Amino acid sequence: KAGVTQTPRYLIKTRGQQVTLSCSPISGHRSVSWYQQTPGQGLQFLFEYFSETQRNKGNFPGRFSGRQFSNSRSEMNVSTLELGDSALYLCASSLGSGAADEQFFGPGTRLTVL
Amino acid sequence: AQKVTQAQTEISVVEKEDVTLDCVYETRDTTYYLFWYKQPPSGELVFLIRRNSFDEQNEISGRYSWNFQKSTSSFNFTITASQVVDSAVYFCALSEASRWALNFGKGTSLLVTP
């Protein structure tokens, strides 16, 4: 069974630009979560989608948004990039049945904002 | 509010030593789930174990063991006879039943030297 895939793996952008990251979950998984990982703040929850609906949202500004498609693939978008948005963005998928679900993580997209 | 504390930022041991990684959590929920994840240098988070709040039984899996104590809100992880391949960052995480989101600790970086 293929794991969680994320594209692209690396991105370099400049301040003010916007970026879209993509995540393909494990086949059969209906929940996709996004996390931001930085050296200073660690791993922080961004949002979670299930059946195309956002069920949970972390404490991030509105510049961070996401969506999920009918095939469970998900995208997250960051607009008006700031230097502090440089991070590893991790996507995780799970069956979506509840908080006890094991989440399977992808390799991440490393975003560098110059 | 929920919070996970991993007080040990970095630990260095020599191969074959036993090592315990500490995790203390805070939550007001009575139903919650605790997780440990491993992040090797490649960056991908790997699931190690999940425990629910009603199951305080300790668990052993090979060289790994986990000690869950609700009385002290701790969920500690012990590696017996450590090996170089155990070198990684280990994260403890908490998920409340009402919220599909992992709240991670800051992680403990474990270095095992030959």
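The values are calculated or read from the model by the stated rules, or taken from the named source; none is laboratory data. All figures in this text were calculated on a predicted structure; none of them were measured in a lab. Virtual Cβ from ideal backbone geometry, glycine too; neighbours counted across all protein chains shown.
Being touching a residue at least 60 places away in the same chain (Cβ under 8 Å), of a type in the set (A, V, I, L, M) and within 11 Å of chain A (Cβ to nearest Cβ) is the filter here, so list the residues in segment B:77-95 that pass it. Of everything in segment B:77-95, those that are touching a residue at least 60 places away in the same chain (Cβ under 8 Å), of a type in the set (A, V, I, L, M) and within 11 Å of chain A (Cβ to nearest Cβ) turn out to be B:Ala93, B:Leu94.
All told, A:Thr38 meets the bar of being over 10 Å from the mean Cα position of the chain (by Cα) and either within 12 Å of another protein chain (Cβ to nearest Cβ) or β-branched (Val, Ile, Thr) (or both). Take the residues in segment B:85-114 that are at pLDDT below 95 and of a type in the set (Ser, Thr, Tyr); name whichever of them is farthest from B:Lys16 (Cα to Cα). The residue in question is B:Ser98. Within the set B:Ser74, B:Ser98, B:Ser61, the sole residue that is touching a residue at least 12 places away in the same chain (Cβ under 8 Å), within 14 Å of chain A (Cβ to nearest Cβ), surrounded by fewer than 17 Cβ atoms within 10 Å (Cβ to Cβ) and not aromatic (Phe, Trp, Tyr) turns out to be B:Ser98.
Being touching a residue at least 60 places away in the same chain (Cβ under 8 Å), away from chain A (no Cβ under 13 Å), part of a strand (DSSP E or B) and of a type outside the set (A, V, I, L, M, F, W, C) is the filter here, so list the residues in segment B:11-49 that pass it. Scanning segment B:11-49 gives B:Ser12, B:Tyr25.
Any residue at all in segment A:37-56 that is surrounded by fewer than 21 Cβ atoms within 10 Å (Cβ to Cβ) and charged (D, E, K, R)? So far as segment A:37-56 goes, yes, one or more of its residues are surrounded by fewer than 21 Cβ atoms within 10 Å (Cβ to Cβ) and charged (D, E, K, R). Checking A:Asn56, A:Asn77 one by one, the residue that is part of a strand (DSSP E or B) and modelled with pLDDT under 95 is A:Asn56 and no other.
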